[in-house]
Amino acid sequence: MRFLRLEDVAEELNVKLPQVRALVKSGELPAIQIGGRGMWRVERVELENYIQHRYAQAREEVSGDID
């Protein structure tokens, strides 16, 4: 499946739906709006990119703590 509902993203990340909505609203997690009723979708590749970005940030934070 190419696109995920925000509920699916929340489940994948093991977080609450409002946290995913905040990520989308801030632009940190790219999403598109489908239809007129505000149905948001996140492309699976964008979710994977977000996860990889967070891993990179965590590595930087950890290496900064060691130095």
(request) Compute the signed sum of charges (Lys and Arg +1, Asp and Glu -1) over the other residues within less than 14 Å, Cβ to Cβ, of ARG44. (result) -3
(request) Count neighbours as other Cβ atoms within 10 Å of each site's Cβ, and list the trypsin sites (Lys or Arg not before Pro) in the chain that are DSSP loop with at most 10 such neighbours. (result) ARG2, LYS16, ARG37
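Quick one: pull the percent of accessible area on the chain belonging to carbon and sulfur, 1.4 Å probe, ligands and nucleic acids left out.
Taking all protein chains in place, the chain shows 50 percent carbon and sulfur surface.
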(request) Just grab the label-to-label distance for ARG21 and GLN33, each label 7 Å out from Cα along the Cβ direction, in nm (one decimal). (result) 1.4 nm
(request) Measure off 7 Å from each Cα along the Cα-to-Cβ vector at VAL62 and MET1, then give the distance between these two points in nanometres to one decimal. (result) 3.1 nm
(request) Skip the ligands, DNA and RNA, and give the accessible area per residue of the chain with a 1.4 Å probe, whole Å². (result) 77 Å²
(request) Per DSSP H run of at least 4 residues, take -39500 (n - 2.57); add these up for the chain, divide by its residues and hand me the 222 nm value, nearest 500 deg cm²/dmol. (result) -19500 deg cm²/dmol
(request) Scan [x] 21.2, 66; [y] 12.8, 39; [z] 13.7, 51 for the value of Rg and Dmax of the Cα atoms in Å calculated from this model and give just the label. (result) [z]
(request) In nm, give the distance between the simple-model label positions of GLU11 and GLU48, each being 7 Å from the Cα along the Cα-to-Cβ direction. (result) 2.0 nm
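The values are calculated or read from the model by the stated rules, or taken from the named source; none is laboratory data. Bear in mind the structure is a predicted one, so any value in this text is a computation, not a measurement. Every residue, glycine as well, gets a Cβ built from its backbone with ideal geometry; the counts of neighbours run over all protein chains shown. These area figures cover heavy atoms from the full protein model, side chains too; ligands, DNA and RNA do not enter into them. Shrake-Rupley method; radii C 1.70, N 1.55, O 1.52, S 1.80 Å.
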